[in-house]
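One structure is given here, and the rest of the page talks about it.
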Amino acid sequence: AAQPKTKKTLGKSGVKNVVVVEGVRIPFLQSGTSYVDLMPHDLARAALQGLLTRTSIPRDVVDYIVYGTVIQEVKTSNVAREAALGAGFSDKTPAHTVTMACISSNQAMTTGVGLIAAGQCDVVVAGGVELMSDVPIRHSRKMRKTMLTLNRAKTLGQKLSLISKIRPDYFTPELPAVAEFSTSETMGHSADRLAAAFGISRVEQDEYALRSHTLAKRAQDEGLLLDVVPFKVPGKSRDTVTKDNGIRPSSMEQMGKLKPAFVKPYGTVTAANSSFLTDGASAILLMSEEKALAMGYKPKAYLRDFVYVSQDPKDQLLLGPTYATPKVLEKAGLTLGDIDVFEFHEAFAGQILANLKAMDSDWFAQNYMGRKSKVGAPPLDKFNTWGGSLSLGHPFGATGCRLVITAAHRLKKEGGQYGLVAACAAGGQGHAMIVELYPQ
């Protein structure tokens, strides 16, 4: 590891220091591949077991477990509890599940930070999971209503009367919404409009996506993705998954052949410059600094200031990082130049490039953010240099933990002190957090 820079620490008098002891994830896989026959709690359990193996933390020492997820499996609506029991944690350890779209595990982590900072807990496991290979599909509302009424019918005549009213359209299934509830617009469509609004070309988006895949492949080949733990898939005796399978460096020529995915025929967002449907799970061990040291652990990083933001879900759906970054920097007393490592969630190449342009625009800062001047754009040589969601994958509920542990590993590798993690989320929301390298 390179020697870290020496800057002020962000510890605050009277506030407990919260540290990241370790973070892991099972390989992120394209949906419909090796995890296709599993349930979400299987993936979360595997991540938790990987964390237990990596840290040797006694299961009954953990005070609380909190997990993030987005599309919930109805049989395991509190997936945190089911996964924890399956992983062998004490049945006396409470667990709950949170949902906040693509920043669900960010919310899980900051919930843990709050519990520790408030003195309620010393050891919290946070994480996230998503299984897009199997999402709940419901009967139509008309059919559900008929079936529930049928269940209450007392006589054969009442039942036959209800059955006779069923029409063919009752059998049309309801898929999970892929659109914003408030605007009825898909995120991909919104990303296309955002790219157009900021004048980001198809070529620029493809170039950024190619960068993400190329950097991810290099990081994978060089063994830098230290958070990945192998997962022996239940029911498949020969199938042990050891690495992410969505990293596929292509060429500009091949990417240029793809047709627009959302705004047809003139849109610029394609399958190649968007994050893909992903299955995966992550887990991170958080402790008070005192507890970690007392147990003999060497923490990786401190979790410092964080903010959540929200704005108009129609025109600014994916601009969360732009709004959150200056707020978290001000809260921490830092400038953009103090940040050594940036880890931003890549929903779409156009979304990332639009955020970078917005962050570097005085006009946008003055007209939309009520700020006198821009915060500035992160330099690309510090930005997602081990790949991002476009290449590594994006299991909605699990990405936040990947961002944080990657930031910690990059800080150690590159000799930096401060990392900034940021992400956008459905509903026009966003998150940003400062990660500080633990003294080496």
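Okay, here's what the table says:
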| read-out | value |
| --- | --- |
| Residue within the stretch 151-172 that is among the hydroxyl-bearing types (Ser, Thr, Tyr), part of a loop (DSSP other than H, G, I, E, B) and without any contact (Cβ under 8 Å) to a residue 12 or more places away in the chain present | yes |
| Residue count for the stretch 419-440, restricted to those that are farther than 17 Å from Asn106 by Cα and surrounded by 24 or more Cβ atoms within 10 Å (Cβ to Cβ) | 1 |
| Tally, over the stretch 119-142, of residues that are crowded, with 21+ Cβ neighbours inside 10 Å and assigned to a strand (DSSP E or B) | 8 |
| Of residues in the stretch 58-79 being of a type in the set (Val, Ile, Thr) and surrounded by fewer than 19 Cβ atoms within 10 Å (Cβ to Cβ), the one farthest from Glu130 (Cα to Cα) | Val61 |
| Considering residues of the stretch 334-365 that are of a type in the set (D, E, K, R) and under 22 Å from the mean Cα position of the chain (by Cα) only, the residue farthest from Met255 (Cα to Cα) | Asp340 |
| Only one of Tyr297, Tyr302 that is within 30 Å of Thr325 (Cβ to Cβ) and either touching a residue at least 12 places away in the same chain (Cβ under 8 Å) or open to solvent by 20 Å² or more (accessible area, probe 1.4 Å) (or both) | Tyr302 |
| Residue count for the stretch 265-294, restricted to those that are among the hydrophobic types (A, V, I, L, M, F, W, C), part of a loop (DSSP other than H, G, I, E, B) and buried (at least 24 other Cβ atoms within 10 Å of the Cβ) | 1 |
| Matching residues in the stretch 223-257 - criterion: being in a loop (DSSP other than H, G, I, E, B), farther than 22 Å from Leu52 by Cβ and open to solvent by 70 Å² or more (accessible area, probe 1.4 Å) | Ser237, Arg238, Arg248, Lys257 |
| Test for Met100: is it closer than 29 Å to Glu174 by Cα, in the same structural domain as Leu285 (by the TED database), touching a residue at least 60 places away in the same chain (Cβ under 8 Å) and within 18 Å of the chain's Cα centre (by Cα) | yes |
| Pairs, first of a type in the set (Asp, Glu) in the stretch 226-241, second open to solvent by less than 90 Å² (accessible area, probe 1.4 Å), C-beta under 6 Å, six or more apart | Asp227/Gly23; Asp227/Val24; Asp227/Arg25; Asp227/Ile405; Asp239/Ser34; Asp239/Val233 |
| Unmet criterion (only one of (1) crowded, with 19+ Cβ neighbours inside 10 Å; (2) under 23 Å from Cys401 (Cβ atoms); (3) not polar (S, T, N, Q)) for Lys331 | (1) |
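The values are calculated or read from the model by the stated rules, or taken from the named source; none is laboratory data. Treat the numbers as computed from the prediction; the structure is a model and nothing was measured. Neighbour counts run over all protein chains shown; Cβ positions are idealised from the backbone, glycine included. For accessibility, only protein heavy atoms count, side chains too; no ligands or nucleic acids. Shrake-Rupley method; radii C 1.70, N 1.55, O 1.52, S 1.80 Å.
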